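Colleague: Input: one structure, supplied below.
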């Protein structure tokens with residue numbers, strides 16, 4: 001049986017209730033991690049600290065890392081990965097809920113399919129899981145993931161389980177605020193790291209009302225363009241794919257929030273009510 005570590009960053013604006021639910025979903029898995037690393041990204045309030053202290057008091061497999069100042073999710077995850085004792089690492093956000101079978105399914109595929117990174121689908125929610133009826137689905141096999149990744153994020157980052165040597169061989173997280181996840185995955189794909197996506201929802205992801213506002217504007221656009229520039233420099237995409245990606249991002253990221261939100265749902269999300277029929 002493979003041992004593995006879960007990395008969960010926590011920052012000051014997180015809801016204590018969401019964090020508590022996220023932690024509960026980790027410790028109630030059908031395949032429980034033997035190490036949980038909580039990375040406190042800067043200073044946090046008393047309520048969040050109480051949730052973390054309750055976790056450490058009731059579980060002897062928890063390590064808490066406290067960063068003196070907020071470094072962002074990529075740097076926080078990197079600190080946790082460096083501290084982890086196991087070769088296999090799972091990612092988790094502090095406001096999401098992993099379904100009880102998540103780690104069991106991912107670890108099984110990681111070994112049986114001889115791949116380096118395993119992810120899966122997510123279902124997005126606002127207040128309670130299932131309230132938006134929105135899935136983000138991703139392709140199953142590595143070859144399709146490589147093609148998908150030339151245009152947009154081919155995995156759901158919060159669902160990932162991976163081998164640490166794959167992470168370090170790609171150089172780990174870089175300082176590209178808003179796009180550090182996409183940047184890491186594109187670098188992994190460009191050097192031949194093998195991927196697989198479980199064709200099932202593994203994590204319920206809290207998106208809130210402001211998700212699409214966070215994904216527009218000059219800052220987000222600039223971050224994405226840096227990623228595509230790196231993809232072109234590495235040879236992962238050609239010049240025409242690079243130019244097309246720039247044009248598409250210029251059009252999408254500068255749209256009014258309501259229009260962009262509508263396009264996201266229509267083009268990039270699947271309705272659970274349709275998919276269940």
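Just so it is clear, none of the values below were taken in a lab; they were calculated from the coordinates. Note that the coordinates shown come from a computational prediction; the quantities given were computed from them, not determined experimentally. When we count neighbours, we look across all protein chains shown, and the Cβ atoms used for this are built from the backbone with ideal geometry, even at glycine.
Colleague: With the convex hull built on the Cα atoms of region 105-259, state its orientation-averaged projected area in nm².
Modeller: Mean orientational projected area (region 105-259, Cα hull): 9.2 nm².
Colleague: Using the C-alpha gyration tensor of region 1-113, what are the square roots of 5 times its eigenvalues, in whole angstrom, with the largest one first?
Modeller: 23, 15, 12
Colleague: Stokes-Einstein D for region 5-209 at 37 °C, 0.692 mPa s, Kirkwood Rh over Cα pairs, in µm²/s?
Modeller: My calculation gives 193 µm²/s for D.
Colleague: Another question, then. Using the number of other C-beta atoms within 10 angstrom as an exposure proxy, rank 231, 92 with the fewest first.
Modeller: 231, 92
Colleague: Percent relative contact order of the chain, based on C-alpha pairs within less than 8 angstrom and at least six residues apart?
Modeller: Worked out over the chain, it gives 19 percent.
Colleague: Sorting 121, 151, 240 on the 10 Å Cβ count, fewest up front, what's the list?
Modeller: With the fewest neighbours first, 121, 151, 240 line up as 240, 151, 121.
Colleague: Calculate the all-directions average of the projected area of region 56-102's alpha-carbon convex hull, and give it in nm².
Modeller: Projected area, direction-averaged: 4.6 nm².
Colleague: What's the exposure ranking of 190, 234, going from fewest to most Cβ atoms within 10 Å?
Modeller: With the sparsest Cβ surroundings first, the list reads 234, 190.
Colleague: Restricting to the chain, compute how many DSSP beta bridges are antiparallel as a %, nearest 5.
Modeller: That works out to approximately 35 percent antiparallel.
Colleague: Further, regarding this structure: Can you compute the radius of gyration and Dmax for region 89-153, using only the Cα atoms, both in Å?
Modeller: 13.5, 37
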